[in-house]
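Only one structure is covered here, and it is reproduced in the block below.
The values are calculated or read from the model by the stated rules, or taken from the named source; none is laboratory data. Everything quoted here is computed from the prediction, not taken from an experiment. Here the Cβ is made from the backbone with ideal geometry for all residues, glycine too, and neighbour counts use every protein chain on show. For the accessible areas, the whole protein counts, side chains as well, though only heavy atoms, and no ligand, DNA or RNA atoms are used. Shrake-Rupley method; radii C 1.70, N 1.55, O 1.52, S 1.80 Å.
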Amino acid sequence: MTVAVCDYGAGNVRSVALALERLGASVAVTRRAADVHAAGLAVLPGVGSAASAMESLRSTGLDAALRERVAAGKPTLGICLGLQLALEESEEDGGVSGLGLVPGRAIRLRDGRVPRIGWATVEPEGEAFYFAHSYAAETPAATARSEGIVAVAEAGSFLGVQFHPEKSGAAGARFLERCLSRV
């Protein structure tokens, strides 16, 4: 199984690649649209700024490749900022247009401690995952929540998570195995 991990110049690219390799996947960390099209699974990881991430995705053509991939029904995973970038827009950086893979927008967290960092249970799964974020999805495509915040959103072949499975121990590994099994 080949997995293309999109490299937009920031983020947790290497830790995501290592987590997938530990599960037996052949991983290409890439900025090439052709790799994203050819992979069994494409991953848009996330840590960083929405504006600079979108600028990099546009300059490399990965934005179009991800849109085409999801339109073709090919499995695509967004992690943390990757989920937020998949939305139509984000409040971050004064407002940023997203990929439009998932309806909705990323909004700055307004309650509790910001950034929200630490372990939290995702419902209805009932498992705890590691979170580190200041923005979160506001979307009708939500399928799971954590402490009232969207933790998982799905639209077509796109699956986005606000948590970091690559940093979530055994629960994260099980989640990534399920993603690989969808291919």
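222 nm [θ] for the chain, helices only, -39500 (n - 2.57) per DSSP H run of 4+, per residue, to 500? Working shown, then result.
Working: 6 runs with 56 residues, N = 183.
Roughly -9000 deg cm²/dmol at 222 nm, from the helical runs in the chain.
Do any chymotrypsin sites (Phe, Trp or Tyr not before Pro) in segment 96-158 lie in a DSSP loop with no more than 10 other beta carbon atoms within 10 Å, and if so, which?
Values: sites: Trp119, Phe129, Tyr130, Phe131, Tyr135, Phe158; in loops: none.
Passing both the DSSP loop test and the Cβ count: no residue.
For the chain, which whole percent of the accessible surface, found with a 1.4 angstrom probe, sits on carbon and sulfur atoms?
Working: 3780 of 7550 Å².
That share works out to 50 percent.
What fraction of the Cα pairs in segment 46-85, stated in percent, has a spacing above 10 angstrom?
Numbers: 554 of 780 pairs.
Within segment 46-85, distances greater than 10 Å cover 71 percent of Cα pairs.
In nm, what is the difference between 0.36 nm times the number of residues separating Arg22 and Thr143 and their Cα-Cα distance?
Details: separation 121, 0.36 × 121 = 43.56 nm, distance 2.71 nm.
Once the chain is fully extended between Arg22 and Thr143, it gains 40.8 nm.
Rounded, prolate or oblate: pick one for segment 68-183, where a ≥ b ≥ c are the square roots of the eigenvalues of its C-alpha gyration tensor, a/c under 1.5 means rounded, and failing that, prolate if a/b is larger than b/c, else oblate. Could the numbers behind the result be given before it?
On the way: a/c = 1.85, a/b = 1.01, b/c = 1.83.
Here segment 68-183 falls in the oblate category.
Pull up the DSSP beta bridges for segment 2-182 and report the antiparallel fraction as a percent, rounded to 5. Write down the numbers at each step before the final one.
Values: 22 of 40 bridges.
Looking only at bridges with both residues in segment 2-182, the antiparallel portion is about 55 percent.
Going from most exposed to least, what order do Thr143, Thr30 have by accessible area with a 1.4 Å probe?
On the way: Thr143 65, Thr30 5 Å².
Of Thr143, Thr30, the descending order of accessible area is Thr143, Thr30.
Taking the Cα atoms of segment 54-127, what is the range of coordinates along each of the three principal axes, in descending order and whole Å?
Dimensions of segment 54-127 along the principal axes of its Cα atoms: 36, 32, 19 Å.
Tell me the relative contact order for segment 2-182 as a rounded percent, counting alpha carbon contacts under 8 Å between residues six or more apart. Numbers along the way, then the final one.
Details: 417 pairs, mean separation 33.0, N = 181.
Over segment 2-182, the number comes to 18 percent.
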